[in-house]
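First the structure, in the form of structure tokens, and then the observations on it.
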Amino acid sequence: MNLTRFLRWVLGISLFGLLTPAGHAQWVTQSLVVKPGWSAVYLHVDATYQSLDQLVGNDPLNPIDQIWLWKAPASTIQYLTTPANPLIGGSDWAQWSRSGVGAPSTFSALIPNAAYLVHSVSASNYTWRIKGKPIAPSYTWTTTGLNFIGFPTPANNPPFFDQFLSPAPSLAGAAEVYQYLGGNLGPINPSQVISFHATRAVRGQAYWIRAGSLFNDYCGPFQVSLGGSGEVALGNSGSQYSLYLHNTSVSNLVVCAQLLPSETPPAGQSPIVGAPPVLVRGNLNPTNLTYGYTDLSTGGTACWTLKPKGQPGSDITVVLGVNRTAVTGAPGALYAGVLRCTDALNLSQVDVPVSAQASSVTGLWVGKASVTQVGNYLKTFQRDLNNSPVTSSDGSYVVTGINTNLGAVAQSFPLRLILHNNGTNVVLLQRVFYGLNGGSNLVVATQESALDPQHLDTARRISAAAFPWSSANQPWSVSGQFAPGGTLAATVQLSYDDQASNLFLHTYHPDHDNLDATFQSKLPRGSESYDITRRITLNISPPGSDFASLTAAGQSFVGTYLETITLASLGTATRDYNVSGVFALNRISPIAILTQP
């Protein structure tokens, strides 16, 4: 977002209203040198999590008594005719004063990518340290007057103006730059920078600058573009994020990125357990169509060579991700850091906030197993010298072996899987209901009665026909670890006399109704139907070593499906049948409570 639009947005919702609580943030401290009298500063961090009354007014050691925010109006006629006459107090400035000093305040917190005039009552320089969330630079250049801006130069050993402007020769030849020297405002404060070779472009200092009718979008030899909120915030479910690097210079440029840990959060802000394990996507492997990566969390650095501005290759997409297998904190734990981008010329430093939260696997999971192999039951019989089957004393053939190996099926068979994880226990379900309850809250329930009858049109029932139906719809317990590389196991039992679900029973067929010839007495197990025990195993695949696999946020699992079906007949007679295949599960709701009316 450019500076004008950003300021209008912030001024509209924050400066003249209440502050909203800050969200998850990555913290860096920007140090600003405030001279006695008036100084001009430029903020590269977002410090709106606290008010100026808290930041400055409550600090008796801070000598600042007035702060003026330039609101970047569209017309120079309204705000400035000369750098020596900035019209402080006019309609184009928002003002904050300590209690009892100056006019009533018209803004209350420090916004980023903004220039300020600051007044200090100290007789010596004061280092003003502001902790906030780093923000990539952005501003709108006007050709109708002066621009009050700062530059994202390195904090240490900033370049001289001639070095900094050298990648943009047109701007370097036309630019007029004015800086504040401290003291009272007057004809020489601000004063024009005469020697670009002897004056440094200091990070955190604001300058008035213009270049006649030349349009300018140069704020350094490269720019970083981020969408949305202007930060890489992957939360607990995001896997990848794309940002864009642009070469604004006229030559090839090498830009590198490294990961820095966040500073300790201020009081009242979300605790940070560590830096996020950031990966940068690399090249595509044509053999297996997977991407490699550079791991920034181990001290690695990723670099790119950008072609000159306007040429193919001057703009590139950088795909970032977080190695979810290394985010081992409790669900919701915050990992935060700063992605620092610099150029080989040492002219710019752009800090980008990066954060992620530990994933949770609680909630409702729905997927499908595909049975692709079925166990054989092939007997091998003993034969005599004439190759005739050998019989035992009771007249039956003598069996020498049984082949129960798995064999491929002609066509795979689908099975729906429904699981719910409350964070402690996992259960397998035959059906589940998802919708609004009487309090207009989304619920996951085992019975339709838990839902609001007025909103059944938006509710959903999900059923798994391959599992036995019961009116109570009691879940089956699942043991094991619900995580990559883990194994889940469940046992589903079906009684031989279950008329609703046992597939060997046919209530209205005399040969399969489990009743004797008089239809009065129930037959024992194994006469016409069998007890069925299904032992189901889900072996969740561990993550792969490629970029996409490592950055998957735990919202889907794949693996091997195994099932042993045991039929129990008369007495203690049983027989096992084995099947196998693959499965895939997707989390469709994070609701951790399974409502069972």
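Miscellaneous remarks
- Full extension of the chain between residue 413 and residue 592 yields a length gain of 61.4 nm, computed as 0.36 nm times the residue separation minus the alpha carbon distance.
- The stretch 222-357, dipole about Cα centre (Lys/Arg Cβ +1, Asp/Glu Cβ -1), debye to the nearest 20: 220 debye
- With viscosity 1.002 mPa s and temperature 20 °C, the Kirkwood radius over alpha carbon pairs of the chain converts through Stokes-Einstein to a diffusion coefficient of 72 µm²/s.
- Set of the stretch 564-593 residues, backbone N closer than 15 Å to the point 7 Å along the Cα-Cβ line of residue 392: 573-574
- A simple rule links phi to the HN-Hα coupling: the Karplus curve 6.51 cos²θ - 1.76 cosθ + 1.60 with θ = phi - 60°, which for the stretch 399-409 gives 8, 9, x, 10, 8, 10, 4, 6, x, 5, 9 Hz, with x for Gly and Pro.
- Working from label points 7 Å from Cα in the Cα-to-Cβ sense, the residue 565 to residue 54 distance is 6.3 nm.
- Per residue, the chain reaches -1000 deg cm²/dmol at 222 nm when only DSSP H runs of four or more residues are counted, each adding -39500 (n - 2.57).
- Its relative contact order, with pairs defined as Cα atoms under 8 Å and 6+ residues apart, puts the stretch 222-357 at 36 percent.
- The stretch 181-293 - Kirkwood radius from inverse mean 1/r over Cα pairs (Å): 19.7 Å
- Evaluating 6.51 cos²θ - 1.76 cosθ + 1.60 at θ = phi - 60° for every residue in the stretch 528-541, the Karplus couplings come out as 10, 8, 10, 5, 10, 10, 10, 9, 9, 10, 10, 8, 6, 5 Hz, glycine and proline recorded as x.
- Net lengthening on full extension, residue 121/residue 217 (0.36 nm per residue, minus Cα-Cα): 31.0 nm
- Take every pair of alpha-carbon atoms less than 8 Å apart whose residues are at least six positions apart; their mean separation over the length of the chain yields a relative contact order of 12 percent.
- Above-threshold pairs, the threshold being 25 Å between Cα atoms, out of 131/307; 133/309; 35/131: 131/307; 133/309
- The shape of the stretch 391-513 can be summarised by an equivalent ellipsoid whose semi-axes, obtained from the alpha carbon gyration tensor, come to 40, 22, 13 Å from longest to shortest.
- Zone residues, the stretch 251-274, relative to residue 129, backbone N less than 15 Å from point 7 Å out along Cα-to-Cβ: 263-267
- Kirkwood hydrodynamic radius over Cα pairs of the stretch 444-576, then Stokes diffusion coefficient at 10 °C and 1.306 mPa s, in µm²/s: 86 µm²/s
- Amide H contacts under 5 Å for residue 300: none, restricted to partners 5 or more places along the chain or on a different chain, H placed in the peptide plane at 1.01 Å from N.
- Packing order of peptides 412-420, 211-219, highest average first: 412-420, 211-219 (average count of other Cβ atoms within 10 Å over each peptide's residues).
- Each label was represented as a point 7 Å from its Cα along the Cα-to-Cβ direction; for residue 264 and residue 470 these points are 5.5 nm apart.
- Distances between every pair of Cα atoms in the stretch 222-357, grouped in 10 Å steps from 0 to the bin holding the largest one, split as 12, 40, 33, 13, 2, 0 percent.
- Using only side-chain charges placed at the Cβ, +1 for Lys and Arg and -1 for Asp and Glu, the dipole size of the chain relative to its Cα centre rounds to 1000 debye.
- Fully extending the segment from residue 447 to residue 372, taken as 0.36 nm per residue of separation minus the present Cα-Cα distance, adds 23.7 nm.
- Dipole of the chain, positive direction: furthest Cα of 471, 279, 353, with charges on the beta-carbon: 353
- Isotropic mean projected area of the C-alpha convex hull, the stretch 363-595 (nm²): 19.6 nm²
- Peptides 101-110, 371-380 ordered by average Cβ neighbours within 10 Å, highest first: 101-110, 371-380
- Burial ordering of 341, 303, fewest other beta-carbon atoms within 10 Å first: 303, 341
- Taking all pairs of distinct alpha-carbon atoms in the stretch 381-426, Kirkwood radius in angstrom: 15.8 Å
- With θ taken as phi - 60° and the Karplus curve 6.51 cos²θ - 1.76 cosθ + 1.60 applied, the whole-hertz 3J(HN,Hα) list for the stretch 390-398 is 8, 10, 8, 5, 8, x, 8, 5, 7 Hz, x standing for glycine and proline.
- Working from label points 7 Å from Cα in the Cα-to-Cβ sense, the residue 328 to residue 403 distance is 4.7 nm.
Bear in mind that the values in this text are calculations on the coordinates, not laboratory data. Everything numeric in this text was worked out from a predicted model, so none of it was measured. Cβ: placed from backbone, ideal geometry, glycine included. Neighbour counts: every protein chain shown.
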